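Peer 1: Below is the structure I would like to discuss, written out as structure tokens.
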Amino acid sequence: MKLFDAFNIGSTALSSRVVMAPLTRRRSTRENVPVAHMADYYGQRAGAGLIIAEGASPSPNGVGYCNMPGLFNNEQLEAWKPCTKAVHENGGKIFLQVMHTGRVGHQNNLNKNAQVLAPSAIKQAGEVTTYDFEKQDYSLPKAMTLDDVRNTINEFTSCSKMALEAGFDGVEIHSAHGYLPNQFLNESANVRQDEYGGSRSNRMRFLLEVIDESITAIGSDKIGLRISPHSYADVNEKPEEVNELYLELVKELDLRNLAYLHLSHMGEATPIKFSLWKELRKVYSGNIILCGDFTKETANEALENGEADMIAFGRDFIANPDLVTRFKNNWPLEERDRTYWYTLGEKGYSDYKNFELKEK
Ligand code: PHB
């Protein structure tokens, strides 16, 4: 199967085209510091061609979820090192997803000097779990000043550099699923009147500046980007505008020689998502990862048909640390069980066994 072919992204050699998708698991400390069993968890999954580690915030303002890890101080940098070491010792490669939650968060989840920031002061609909109260409405964000925009771009750049220092092979900038860069792209979240809002090129400016400054800092072949056109953050957008926006964005990205472009679909599998994926593939000459409920068979089909270069699997990696070996041997997969997806500790996290060890 093509899925198991070795593959290179930039200077990173991968053992297969199977990617472990970034998965929020909320195991870090309240200070957003990774803990020891995160190294076990990632090390156990090093059989993936590439692991994209869960979203880590580049800023104290970007940790909107409880127990989400960060990478904006030295303690966090040191605490990520065992994770990258465990993966490398087991022969794998690992990128870090850089995820700033922007308005998708709550003040109670941030430390007291941090603030919920967004392009405009428009609340995210829905509720979020907080440390001190169960579900709460999302906080009303503060509209970012131009200084906030500048500082935040600098935080992304500094996080990219720290990621390499922590041993990651690269970073993935998270511009999907309604998080900060996605908020800048969306007309329903961004009503700014300055150069970061309004026209398509203005709404793309924040993301492109983040990318360009990270390229200068660490090199384009160490940077991937995740987007999710027409997924749930885009439900309030005009579908035609979403198509135009992403076609324009991807043409810009094509000039930048990134490690990869990662297309994710969350939620309903609507045809418009997949027809846009095909259009984007035509205008983008670099590597594309697709993510969204693939099986081994559909993944291989997508590769054979030239729709993608790599396929990411998310939830199946949770209970199947040896997912690639199971695929290769046609061994059964564990059932998905949500009980421990977002709980603290090792249970339902780093205690899943490889298939060969299970019966012993
Ligand atoms: C989540 O924690 O619910 C989450 C995080 C990152 C995503 C999507 C969902 O990209």
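No value in this document is a laboratory result; all are computed from the given coordinates. A quick note: this is a predicted structure, and the numbers were derived from the prediction, not measured. Methodologically, a virtual Cβ is constructed for each residue, glycine included, from the backbone with ideal geometry; neighbour enumeration extends over all protein chains shown.
Peer 1: Assuming I51 fulfils every condition listed in (1) touching a residue at least 60 places away in the same chain (Cβ under 8 Å); (2) within 16 Å of the ligand (Cβ to nearest atom); (3) among the hydrophobic types (A, V, I, L, M, F, W, C) apart from one, which condition is it?
Peer 2: (1)
Peer 1: Looking at T152, T130, can you tell me which residue is among the hydroxyl-bearing types (S, T, Y) and more than 25 Å from G198 (Cβ to Cβ)?
Peer 2: So the residue among T152, T130 that is among the hydroxyl-bearing types (S, T, Y) and more than 25 Å from G198 (Cβ to Cβ) is T130.
Peer 1: Which one of these is surrounded by fewer than 24 Cβ atoms within 10 Å (Cβ to Cβ) and at positive phi: G167, G102?
Peer 2: G167
Peer 1: Test of understanding: among L280, L261, which residue is in a strand (DSSP E or B) and in contact (Cβ under 8 Å) with a residue 24 or more places away in the chain?
Peer 2: Exactly one residue qualifies, and that residue is L261.
Peer 1: Let me spell it out: the conditions are (1) touching a residue at least 24 places away in the same chain (Cβ under 8 Å); (2) surrounded by fewer than 20 Cβ atoms within 10 Å (Cβ to Cβ); (3) among the hydroxyl-bearing types (S, T, Y), and Y179 meets all of them except one. Which number is the exception?
Peer 2: (2)
Peer 1: Give the range 22-32 a look and list any residue that's farther than 16 Å from Y179 by Cβ and surrounded by 19 or more Cβ atoms within 10 Å (Cβ to Cβ), or say none.
Peer 2: R25, R27, S28
Peer 1: I need a count of the residues in the range 317-347 that are more than 16 Å from the ligand (Cβ to nearest atom) and surrounded by 14 or more Cβ atoms within 10 Å (Cβ to Cβ).
Peer 2: 14
Peer 1: T157 - would you say it is polar (S, T, N, Q), buried (at least 24 other Cβ atoms within 10 Å of the Cβ) and more than 18 Å from R26 (Cβ to Cβ)?
Peer 2: When the stated conditions are applied, T157 does not pass them.
Peer 1: Name the residues in the range 198-237 that are among the small types (G, A, S) and farther than 18 Å from Q124 by Cα, would you?
Peer 2: G198, S199, S201, S214, A217, G219, S220, G224
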